[in-house]
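The values are calculated or read from the model by the stated rules, or taken from the named source; none is laboratory data. The structure presented is a predicted model; accordingly, all values stated were derived computationally and were not measured. Cβ coordinates were reconstructed from backbone atoms using ideal geometry, including for glycine residues, and neighbour counts include every protein chain displayed.
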Amino acid sequence: MLAAIGETLEDDNDDEVMGVVVNVRKGFYRVGLWTRSNGAPNKKAGSTDGRADVLNRIGARLKEAMGLPSSELVEFTGHSDSAHSGSTRAKAKYTV
């Protein structure tokens, strides 16, 4: 959470990180990082290139901030994908 508050997860012009939450569950913790986009191109807004590279960079910095080894997988799932899946374990869109 401090990495997000301290604005160390993204570059100056990325403008992606919107919020962060930590859910404490029995036996594990889930960290949620909310981003402005899901990495896919937004043709309605006239953008043809996605932001996947930015999201992957943010994910790598999050792993580093959390002290996770490079072998540990961090998954990204877009909000609309997880909201419609009916499950807290929606299929990951990106893995860092």
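Note on the chain: enclosed helices (runs of 4 or more DSSP H) holding 1 or more residues that are at pLDDT below 80 and either of a type in the set (A, V, I, L, M) or exposed (fewer than 10 other Cβ atoms within 10 Å of the Cβ) (or both) are 79-85. For segment 1-16, the set of residues classified as of a type in the set (Gly, Ala, Ser) and under 14 Å from the mean Cα position of the chain (by Cα) consists of ALA3, ALA4, listed by residue number.
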